[in-house]
Structures are given as C-alpha cells and as structure tokens.
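The values are calculated or read from the model by the stated rules, or taken from the named source; none is laboratory data. Everything quoted here is computed from the prediction, not taken from an experiment. With ideal geometry, Cβ positions are generated from the backbone for all residues, glycine too; neighbour counts draw on all protein chains shown. Accessible surface is based on the protein model in full, side chains and every heavy atom, while ligands, DNA and RNA are left aside. Shrake-Rupley method; radii C 1.70, N 1.55, O 1.52, S 1.80 Å.
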2 protein chains.
Amino acid sequence: MQNTVPARRVEERMKHFQARASELGLAATHQRRIIYRVIAKSAEHPSPELIYERVKREIPTISLATVYKNIKTFAAMGLVGEVGALPGSIRVDANLDRHHHLVCVNCKAVVDFCDSRLDRVRAARANPENFRILRYQVEALGLCPACQVAPARNKVRTQRRKHNG
Amino acid sequence: MQNTVPARRVEERMKHFQARASELGLAATHQRRIIYRVIAKSAEHPSPELIYERVKREIPTISLATVYKNIKTFAAMGLVGEVGALPGSIRVDANLDRHHHLVCVNCKAVVDFCDSRLDRVRAARANPENFRILRYQVEALGLCPACQVAPARNKVRTQRRKHNG
DNA sequence: TGACAAACGATAATATTTATCGTTTAATAG
DNA sequence: CTATTAAACGATAAATATTATCGTTTGTCA
Ligand SMILES: [Mn+2]
Ligand SMILES: [Mn+2]
Ligand SMILES: [Zn+2]
Ligand SMILES: [Zn+2]
C-alpha cells in the first residue's frame, strides 16, 4: 500500500530533474537526488516528515533541515508542487501535469484526480475583486474507500515521534 | 481596508449562532459570543492569531487557547468553516453559503468567490479511486490587485510577534 | 441559590517550519 | 588532478502553530 509510481516513470522524472537542475544551476548533490527520488517514487503526496523518514534509510546522517530546505528550493524552481488543501504539514507532489486532487477529509489521504471537465473549470463572470487568476484548482473532498467502512480512525500520520522504539 | 461585513448581516449571523448553539447545547458564554462576532464581522478569513488579537481588544484577559478551542468547537459543529488552501495557519470563515475562494499566491489574501458555474463543477467520470465525494471546492489562485502592482512584499501576517512595541 | 458539568486562563507540551553557523563538498579554473 | 570558493550540508536553536493539562471560574438547571 505504498502507492508506488512505476519505475519507468520514476526514471523519466529523475532525467527531467537532472536536466532542469543543471539548466537552473542547481548543484546535483547526492542528498538532492535521493530527496527528489523519494518524492518521485511516491504517489501519496508525502509530508516533509515522511520524506525525511524515507531519505534517512538511504542517508542516515541527513538533516531534517536539509530536507525542508530542498523541498522549498525544488518548489520555488517548479520541480515539485506543494499541495496545501489540508491544515497541518504541507504535502509534496512530483506530478507536474495538470491535475486535481481527491482528498479524504478523515485520513487526509491525497490522490491525483485527472478529469478533463475539471481541467476546463472557469468562472462564469469576471471576479469583482479583480484578481489576476493564474489557475483554478479543484479539490474533491470526501471519504476514501478505507474511511467509508471505518470512518472513526485517522490513518495518515504526519507527526514526528519523539521516541520511535 | 478591514473588509467589513454589513452590520445587518452580522446581526443575522449572531442570531443564527445563538439559535444553533442553543440547539446544540453549547453554552453561550461571553467569550464565545465575542469570538464568533469577530469572525462574523470579518470577510477576510482571519487566522486564529488575528481573531485572538481582535478579541483581546474586548476581553483583554482572553487566552489564545480559548480562541483555538472555540474555533475548533465551532468548526466541528458547523458554525464556521475552515479554509485550508494555503500552508501556514488555518483561516476561519463565517460564510456558510456555498461559495469558492480567490486566493492571492503572494500575500495569501482569501476572498469569497460566488460563481454559479463553479458551484456546478463535477467530474466527467467516476473517480477510479472510489472516493465518496462529498463536495467540490474550487480555488482560483492568482494575484490580488495590490500584488499585481507590487508583487514583491507579502502583506498578510498570521504570525505571532514576541515583541509588539 | 447551590451543585455540577462545562468552559476558561495559564502554561506546558507538541508539532511544524525557518534561521544560524561552523563544516563539508560540488563545481571549475588552472 | 589539485586548489579555490561558493554552495550545500548537519546540528541545533529559534520561531511559529496547535493541542493538552490542570486548577479556577462560570453558566445551567434543579
Ligand atoms: Mn498530485
Ligand atoms: Mn469564504
Ligand atoms: Zn481516508
Ligand atoms: Zn496579494
């Protein structure tokens, strides 16, 4: 249930990452490659904390600060997206294609939702506040299959644990 | 520029709040009335911190914990909404009518966006993940008028300040 | 008006994110 | 290939955001 992205797609993303990083003058350090790969391999929109946990398996000396710094750097450069639909920690997205999200209001699972009709969403009238609208983002809020049968308990944990014994 | 709701509307909301609170067996304390009124008077989707600042003007001894506890209580009972479009602190919404939001990606301003076409947003196909979709939520991300001319600096502050001299 | 559950205020604890700073390392010029 | 150096890293403190705990106060209802 790790919601893994196909290896072929992961390699495509790694190639794109290396190419764009090079163009942007972003040093391709070992840490950055591992951090990005962890993000690219996951379809679950992982939190910084979860990314940190997984990167630590490959680089036990990695610092949480390094993970945060690089998530922010990647996001600022458009190499990853930040999903901010729920309160709590941010969720990171390697999928740069136009898409929307299914969000479980119970366990906070976030799943990609590709749908042509959602892509075409636009307001009927110009907004009276005169915002310059850059893009529309749709969230379909509801319950994931697991939470439909057992809506009581919350499955996703984003929190750090002091003692992980 | 306080983005104030008309007094008539505020009084309607207060009436509704009192009625629903009574129905729900929620004690109508002085603190709760003031906290709710602060939320009801604002159209800017204030953060808990901002609500706390304003409530303090009327109840200088109010605790930040009381403000948080009551925001959560109100939200759990459906008396207010929580807007979670941006990272950082949550934003509280007294407007319970069906509506969407304009969000400034620069200063994080959140403005109500009522639009019939957005209300009718639905996916073209059933979602392959079999979520039970409860509602669709649309955010129009862009730049508010102020940030279109001066996109550099961030105007909204949600943060506490240690020294407020 | 008194009893009691609920709510409050103070504050500690936890969770999330960013800043600081000394050390290490990737990039590149020679 | 090595020296230089700006960038990145790791450790950790600090800032910010939210929740929990607990003793005191207050609203509710008999
Ligand atoms: Mn996604
Ligand atoms: Mn609103
Ligand atoms: Zn769920
Ligand atoms: Zn703005």
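Observations, loosely collected:
- Some residue of the range A:10-28 being over 30 Å from A:Gln148 (Cβ atoms), more than 12 Å from every other protein chain (Cβ to nearest Cβ), among the polar types (S, T, N, Q) and more than 10 Å from DNA strand D (Cβ to nearest atom): yes
- Residue in the range B:34-42 that is outside any helix (DSSP H, G or I) and under 25 Å from B:Cys114 (Cα atoms) present: yes
- Within the range A:105-118, the set of residues being open to solvent by less than 50 Å² (accessible area, probe 1.4 Å) and either facing chain B (nearest Cβ under 7 Å) or in contact with a Pro (Cβ under 8 Å, 6 or more places away or on another chain) (or both) comprises A:Asn106, A:Val111, A:Phe113, A:Asp115, A:Leu118.
- Check on A:Arg122, touching a strand residue (DSSP E or B) at 6+ places or on another chain (Cβ under 8 Å), over 19 Å from A:Asn3 (Cβ atoms), part of a loop (DSSP other than H, G, I, E, B) and not small (Gly, Ala, Ser): yes
- Leading residue by the ranking (farthest from the other protein chains (Cβ to nearest Cβ)) among those in the range B:119-146 that are open to solvent by 20 Å² or more (accessible area, probe 1.4 Å) and over 30 Å from A:Val149 (Cα atoms): B:Ala146
- Residue identified as among the hydrophobic types (A, V, I, L, M, F, W, C) and touching a Cys at 6+ places or on another chain (Cβ under 7 Å) among B:Cys114, B:Cys104: B:Cys104
- Residues in the range A:64-104 that are open to solvent by 30 Å² or more (accessible area, probe 1.4 Å) and out of contact with any helix residue (DSSP H, G or I) (no Cβ under 9 Å at 6 or more places or on another chain) were compared, and the one that is nearest to ligand 4 (Cβ to nearest atom) is A:Ala76.
- When every residue of the range B:44-61 is checked against the conditions, none turns out to be within 12 Å of chain A (Cβ to nearest Cβ) and on the phi > 0 side of the Ramachandran plot.
- Residue count for the range A:75-103, restricted to those that are within 22 Å of A:Pro145 (Cα to Cα), facing chain B (nearest Cβ under 8 Å) and either away from DNA strand C (no atom under 16 Å from the Cβ) or outside any loop (DSSP other than H, G, I, E, B) (or both): 1
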